[in-house]
Amino acid sequence: MNLPLHFGFLGALEACLIAFAVGLLVYAGWQAICRALGWSIGHAVGWACLIAVIIGAGVDTWNLFYIGMVKLESPLYARIALKAIHDPDALGLRVVLEIVGALTGVVIGWQWFSRGWREGVVSPEGKNTRIEH
């Protein structure tokens with residue numbers, strides 16, 4: 001995405017909020033898919049976490065991995081690699097906050113969208129049967 005994010009901590013917080021929204025939307029989609037297929041809520045949470053982190057923090061995580069693992073043996077190659085990154089000074093902070101934001105979005109989505117699932121079990125016929133504790 002070519003969003004004009006700020007630099008430093010404020011930019012990392014903005015990226016975190018974007019990843020949070022991605023986590024909410026991805027969980028809503030996976031929850032609908034898992035309900036339609038009769039899968040458990042664990043499938044929805046697990047797949048949503050994985051996909052939300054890939055979408056929300058994938059590019060920055062790749063850049064962090066690339067800068068750390070690839071040998072940038074000349075200043076020219078280092079400058080070229082760093083020029084392609086939006087904010088190389090706060091890259092690690094942005095990756096951490098994006099992952100936290102994506103996972104938090106999935107958890108909040110689970111709380112908001114799964115009330116009916118927690119109150120009862122959806123049978124294969126689509127009937128909602130209540131579990132007595």
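Using only Cα atoms, locate the centre of region 82-118 and the centre of region 9-62, then give the distance between them in Å, rounded to an integer.
8 Å
Please tell me the relative contact order of region 27-110 in percent, rounded to the nearest whole number, where contacts are Cα pairs under 8 Å and at least six residues apart. Present the calculation step by step, with values, prior to reporting the outcome.
On the way: 51 pairs, mean separation 36.0, N = 84.
Computed value for region 27-110: 43 percent relative contact order.
What figure in square angstrom, to the nearest 10, would you give for the accessible area of Trp112 with a 1.4 Å probe?
Surface open to solvent at Trp112 totals about 140 Å².
Let me make sure I get this right: for region 20-123, a, b and c are the square roots of the gyration tensor eigenvalues over alpha carbons, sorted descending. Under 1.5 in a/c it's rounded, otherwise prolate if a/b > b/c, else oblate. Which is it? Mind dumping the intermediate values first?
Details: a/c = 4.57, a/b = 3.21, b/c = 1.42.
Note, shape of region 20-123 comes out prolate.
State the percentage of accessible surface on region 1-110 attributable to carbon and sulfur atoms; use a 1.4 Å probe and exclude ligands, DNA and RNA.
C and S atoms contribute 74 percent here.
Expressed in nm to one decimal, what extension gain is obtained for the pair His6 and Ile54 from 0.36 nm per residue of sequence separation less their Cα-Cα distance?
Between His6 and Ile54, full extension yields an extra 15.1 nm.
The values are calculated or read from the model by the stated rules, or taken from the named source; none is laboratory data. Just so we're clear, the structure is a prediction, and the values are computed from it rather than from any experiment. Please note that ligands, DNA and RNA were not included when accessible areas were found on the heavy atoms of the full protein model with its side chains. Shrake-Rupley method; radii C 1.70, N 1.55, O 1.52, S 1.80 Å.
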